[in-house]
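Here's the structure, in structure tokens; my notes come after.
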């Protein structure tokens, strides 16, 4: 027998969709992801990107802040309270060419679903340095809006890695808190739009480090990040910058590999929403929520909002098709 609604993913979007779907008596089934070494390395373990952060200060309803893993556990607990069933496994592949839709699990029998909500998120790209991995959440971040206001970064020098619009935006945003922002870029000019370049490079708090790459993140157990070692892309020179944080702004990778061309994606690999103000994808009955379809806002609260929308869209679609009961 086909499931009414299967939700793939377990970040704010997935759990919010589950809460709304469960309260609508759709008996949702959530695939929260498998606990594997591959998922650990990619940052795609259950509970999403927020579970990899420390303190979250900008989620409404928590005036004193909340730890990322604690917030995600509360999401999960609330979804289960209303009857959501949870399987700790990945959906490895899908067949949306038939209905009910076919979902193949990484470890377990395949299943059929009348409606599917994809909420698999997007993972931040990092440099891939062992020293970088060692200091994640202790000074290494990929989200200035999420973490920039934390006490460890206030009135301290910070490093932003990247040369596109995101890097310039993050660097400009961090000048609200940092004493100085070093913009480290491997080339001798930025890729960002001209007006954004001008705004950043004319900011007295921002200093560009051209033709440079970060080769090592420096720090200790007590203080976290204390600096970065830069290498040159043009000669053998190295340089150490003192800083209390390094922000990677070199893009995100949406977690859509398992779709294997089954849905229409944009040029960056994000799922395309096909109707204004709706979470409809290119396949009727398949909906997308959160960062897997949003390369612009990428915030927990906006992801949760689209999770709610996807559940409502799925409920109404099932009712219109006569599948709701």
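Below is a table of values for the structure above.
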item: Burial ranking of peptide ranges 311-319, 31-39 (average Cβ count within 10 Å, highest at the top); result: 311-319, 31-39
item: Ordering of 266-279, 132-145 by packing [mean C-beta count within 10 Å, highest first]; result: 132-145, 266-279
item: Directionally averaged projected area (convex hull, Cα atoms, segment 1-45), nm²; result: 3.6
item: For the chain, calculated [θ]222 nm from helices alone, where every DSSP H run of n ≥ 4 adds -39500 (n - 2.57); result: -7000 deg cm²/dmol
item: For segment 62-177, average projected area of the Cα convex hull in nm²; result: 11.3
item: Contour excess over end-to-end distance, with Cα ends at residue 302 and residue 188 and 0.36 nm allotted per residue; result: 37.5 nm
item: Protection proxy ranking, peptides 172-183, 115-126, average beta carbon neighbours within 10 Å, highest first; result: 115-126, 172-183
item: Angle between the chain longest axis and helix 300-320 axis [Cα atoms, degrees, rounded to 10]; result: 20
item: For segment 150-275, Kirkwood radius (reciprocal of mean inverse C-alpha pair distance, Å); result: 16.0
item: Given [x] 39, 20, 18; [y] 31, 25, 19; [z] 40, 26, 21, the label whose value is semi-axes √(5λ) of the Cα gyration tensor in Å derived from this model; result: [x]
item: Proxy reagent accessibility, fewest Cβ within 10 Å first, across 10, 244; result: 244, 10
item: Segment residue 39-residue 134, extension gain: residue separation times 0.36 nm, minus the distance between their alpha carbons; result: 32.5 nm
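FYI, it's all coordinate maths here, none of it is from the lab. Everything quoted here is computed from the prediction, not taken from an experiment. Note that each Cβ is placed from the backbone with ideal geometry, even for glycine, and that neighbours are counted across all protein chains shown.
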